[in-house]
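The values are calculated or read from the model by the stated rules, or taken from the named source; none is laboratory data. Please read these numbers as outputs of a predicted model, since none were measured by experiment. Cβ coordinates were reconstructed from backbone atoms using ideal geometry, including for glycine residues, and neighbour counts include every protein chain displayed. Surface areas here come from the heavy atoms of the whole protein model, side chains and all, with no ligands, DNA or RNA. Shrake-Rupley method; radii C 1.70, N 1.55, O 1.52, S 1.80 Å.
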Amino acid sequence: RDQPRSRGLGDVYKRQSFVRRMGERRMQMTAKEYLSQVFHIDQRISSKLSQVMRLREAATNCTATLTDMPRPDSPSHERMADTICKIVDLEREINKDIDRLVDLKAEARRVINAVSDPDQQLILELRYLCYKPWNEIMTELGYSEPTIYRLHGEALKKICVPVKNDSF
């Protein structure tokens, strides 16, 4: 009883199959992972915009001390330049993220429109493109919780996730 259970050949095959599936899964996104990218990129953009706002506030909250004593070059000028560089870099990242978001939303919309059932399309659009919570989707469409989840699951099975082309 105290001995660990020895694994039979069936357990080994199950483990190998699981590891193989997990490896394939890492290579290919699930439909849910693919559609959720839109929300995650949007959240990253919001986070970076907040960072830019805080940096701008820090840059404009400079105070000057008036004195008749001579001083060497102020390190605050360097800090100001560093802050401005950070703002410019973040704004570049935000612009790239916005471009990526627009492209990904258009692609996701095409993928969702390929689902044949209009109710399933609407559920996917509301969830992944409008970021609505389940309770709002249920109320808006008039479906029960199990029905919404069933339709959502069926819709995800119909999604054909585009394969990334890393050549560009």
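If you take the beta carbon distance between Asp103 and Lys157 as r and set R0 to 25 Å, what does 1/(1 + (r/R0)^6) give as a FRET efficiency, to the nearest 0.05?
With a Förster radius of 25 Å, E is 0.50.
Would you list Val88, Val163 from the most to the least accessible area, probe 1.4 Å?
If we order Val88, Val163 from most to least accessible, we get Val163, Val88.
From the phi angles alone, apply the Karplus equation (6.51, -1.76, 1.60; θ = phi - 60°) to the range 121-130 and give each ³J(HN,Hα) in whole Hz, x where the residue is Gly or Pro.
Karplus-based 3J(HN,Hα) across the range 121-130 equals 4, 5, 4, 5, 4, 5, 6, 9, 9, 9 Hz.
Among Leu156, Leu124, Thr139, pick out the residue whose Cα is farthest towards the positive end of the charge dipole of the range 117-165, where Lys and Arg carry +1 and Asp and Glu carry -1 on C-beta, about the Cα centre.
Toward the positive end, the furthest listed residue is Leu156.
Please work out the FRET efficiency for the pair Ser116 and Asn95, using the Cβ-Cβ distance as r and a Förster radius of 35 Å; give the result to the nearest 0.05.
It comes out at approximately 0.45.
Leaving ligands, DNA and RNA out of it, rank Glu136, Glu78 by accessible area with a 1.4 Å probe, largest first.
Correct descending sequence by accessible area is Glu78, Glu136.
Label Leu129 and Gln43 with points 7 Å out from Cα along Cα→Cβ: what is the distance between them in nm?
It is 2.1 nm.
Could you tell me the calculated FRET efficiency between Asn61 and Met29, based on Cβ-Cβ distance and R0 = 35 angstrom, to the nearest 0.05?
0.20
Out of the chymotrypsin sites (Phe, Trp or Tyr not before Pro) in the range 106-139, which ones are loop residues according to DSSP with at most 13 other C-beta atoms within 10 Å?
Passing both the DSSP loop test and the Cβ count: Tyr131.
May I ask which of Lys132/Lys164; Lys86/Lys164; Lys32/Lys132; Lys48/Lys164; Lys96/Lys132 have a Cα-Cα span longer than 21 Å here?
The pairs that break the limit, which is 21 Å between Cα atoms, are Lys132/Lys164; Lys86/Lys164; Lys48/Lys164; Lys96/Lys132.
With a sphere of radius 10 Å drawn around the Cβ of Glu125, what net charge do the other residues whose Cβ falls strictly inside it have (Lys, Arg +1; Asp, Glu -1)?
+3
One-quarter of the Cα convex hull surface for the range 71-164, in nm²?
9.4 nm²
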